[in-house]
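Data first, discussion second: the structure below is written as structure tokens.
The values are calculated or read from the model by the stated rules, or taken from the named source; none is laboratory data. In this text, all values refer to a predicted model and were calculated from it rather than measured experimentally. Every residue, glycine as well, gets a Cβ built from its backbone with ideal geometry; the counts of neighbours run over all protein chains shown.
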């Protein structure tokens, strides 16, 4: 069975509504999607780190409860597990404050074995952080050598926009490794100094390095650009409870689609529109489902209806 191997941070999201904390949910950009994929019975391996504390234990237990192995989690003895405060506005979009206290030694873990057509997921500042860069490159080199599909979600927050120039070479390196790049219009706005034209972003910044590009824009259209396809997909309006996991679960849906329809590394660059239509539909469906609760992942009821187990 093909594996989905993700690398990223784990964090405890404390969610505030109307100034009051209403939920505490294990999260992290890549992590949220991995939880959803594990729930639909994908073969998920997640590489991360957490502290030897109450928050870390909560995250590790949450992983076990969701049938995720903790074998590739580095539990560090000093430093504290990271926490975020997520303040929901009237549209149920979140504004974040992060609290992090990592040790000097980071990500001291052995990587899982990667095989052809496995899917490796990287994203966020975690995939750009100079402290972790050697480990990220090591994983990407293994993926490239084995012909695994590399899925990159820049998830580039406004808090890093002043570093965009300095981080540009690392972003380009990630794009070169990637087989699919999926980001939001906000990511590219902050990454590329206010660029808002999706076609310009693709032609000037992405296409040369990675031909397969998906751009989401909140509750608006999904844009797909490949060497031969230029298509926008409408999104039905839904009532949201929280949009915290929307993009992460869009990623999970795309990866679910690649597994469900048995799309392989060798297929990607010539994939026709009919297949992309099916895969994008999965992304939209997973994202909509995640917005219906304060959890950062799809519900168990939804997962049971979408199991990958034959």
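The table for this structure:
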item	result
In segment 157-178, residue surrounded by the most Cβ atoms within 10 Å (Cβ to Cβ) [restricted to those that are touching a strand residue (DSSP E or B) at 6+ places or on another chain (Cβ under 7 Å) and within 21 Å of residue 32 (Cα to Cα)]	178
Selection from segment 283-298 of residues that are in a loop (DSSP other than H, G, I, E, B), over 15 Å from residue 42 (Cα atoms) and touching a residue at least 60 places away in the same chain (Cβ under 8 Å)	291, 294, 295, 296
Set 124, 159: member being touching a helix residue (DSSP H, G or I) at 6+ places or on another chain (Cβ under 6 Å) and within 22 Å of residue 247 (Cβ to Cβ)	124
Residue selected from segment 196-226 under the condition touching a helix residue (DSSP H, G or I) at 6+ places or on another chain (Cβ under 7 Å) and more than 23 Å from residue 285 (Cβ to Cβ), by the criterion surrounded by the fewest Cβ atoms within 10 Å (Cβ to Cβ)	196
Matching residues in segment 6-53 - criterion: being in a helix (DSSP H, G or I) and either surrounded by fewer than 24 Cβ atoms within 10 Å (Cβ to Cβ) or modelled with pLDDT of 95 or more (or both)	30, 31, 32, 33, 34, 35, 36, 37, 38, 39
Hits in segment 96-142 (condition: buried (at least 20 other Cβ atoms within 10 Å of the Cβ) and in a strand (DSSP E or B))	119, 120, 121, 122, 123
Yes/no for residue 248 being assigned to a helix (DSSP H, G or I) and within 16 Å of the chain's Cα centre (by Cα)	yes
